[in-house]
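Report on the structure given below.
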Amino acid sequence: MWKIVRQIGRTGIRSEAPPDCDDLQRVEAERIQRELLAILGRALTIREVDAGSCNGCELEINALDNPYYNLEGLGIRFVASPRHADLLLVTGPVSRNMELALMRTYEATPAPKLVVAVGDCGSGCGIFATSYATCGGVASVLPVDVVVPGCPPAPLDILRGILTAVRRCRTVAVTKAP
């Protein structure tokens, strides 16, 4: 043990410097938070479903929860049950084994149902789209409101896609009002 302590003492701290805070991204995140609260009047809850992805998109979605993007601070949080969700965030092409589970998740989500397909695979044009094991993109199984392109898309792009879906929901609700 002392050998390790001496080695730590000789080497010092080996880590990279934290990234510079991009004021433009911080301002955009604050704008998104204000707009979400103005539209919904409360927090947005999301159920994330991995329908058969390579987990690249999940890494970017998980980055939304870190202190840099601070998703919880924006009034957006992930929930475990689709019955508590306002929005489904679906990644990957829909594998044949996940098709029924995805449809059940969609059916369990209360109205109005918002669906955001994340990544190139979710939009149906990824590298797994022509596989025998997939049903295609998310739109081949569920009605999709917004597609966030990229392989994987950046966390800020995912956040913009979520906001676009919420804006469309508000527009539809306003036009359907008597």
Filtered residues of the range 70-97 (kept if part of a loop (DSSP other than H, G, I, E, B) and buried (at least 21 other Cβ atoms within 10 Å of the Cβ)):
L71, A85, D86, G92, P93, V94
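Quick one: which residue in G75, G136, G122 is at positive phi, in contact with a helix residue (DSSP H, G or I) (Cβ under 6 Å, 6 or more places away or on another chain) and either aliphatic (A, V, I, L, M) or in contact (Cβ under 8 Å) with a residue 12 or more places away in the chain (or both)?
Criteria check complete, one pass: G75.
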Could you tell me how many of the residues in the range 139-156 are more than 20 Å from S95 (Cα to Cα) and surrounded by fewer than 16 Cβ atoms within 10 Å (Cβ to Cβ)?
1
Cβ-Cβ under 6 Å pairs, at least 6 apart or on other chains, the range 36-53 side among the polar types (S, T, N, Q), far side part of a helix (DSSP H, G or I) and surrounded by fewer than 19 Cβ atoms within 10 Å (Cβ to Cβ)
T45/H84
Report yes if some residue within the range 62-70 is over 30 Å from A108 (Cβ atoms), modelled with pLDDT under 85 and among the aromatic types (F, W, Y); otherwise report no.
yes
Selected residue (only one of I8, I46 is loosely packed, with under 13 Cβ neighbours inside 10 Å and either modelled with pLDDT of 90 or more or of a type outside the set (D, E, K, R) (or both))
I8
Could you please find all residues in the range 100-127 being under 11 Å from G52 (Cα atoms) and surrounded by fewer than 18 Cβ atoms within 10 Å (Cβ to Cβ)?
none
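The values are calculated or read from the model by the stated rules, or taken from the named source; none is laboratory data. Treat the numbers as computed from the prediction; the structure is a model and nothing was measured. So basically every Cβ, Gly included, is an ideal-geometry build from the backbone, and we count neighbours across all protein chains shown.
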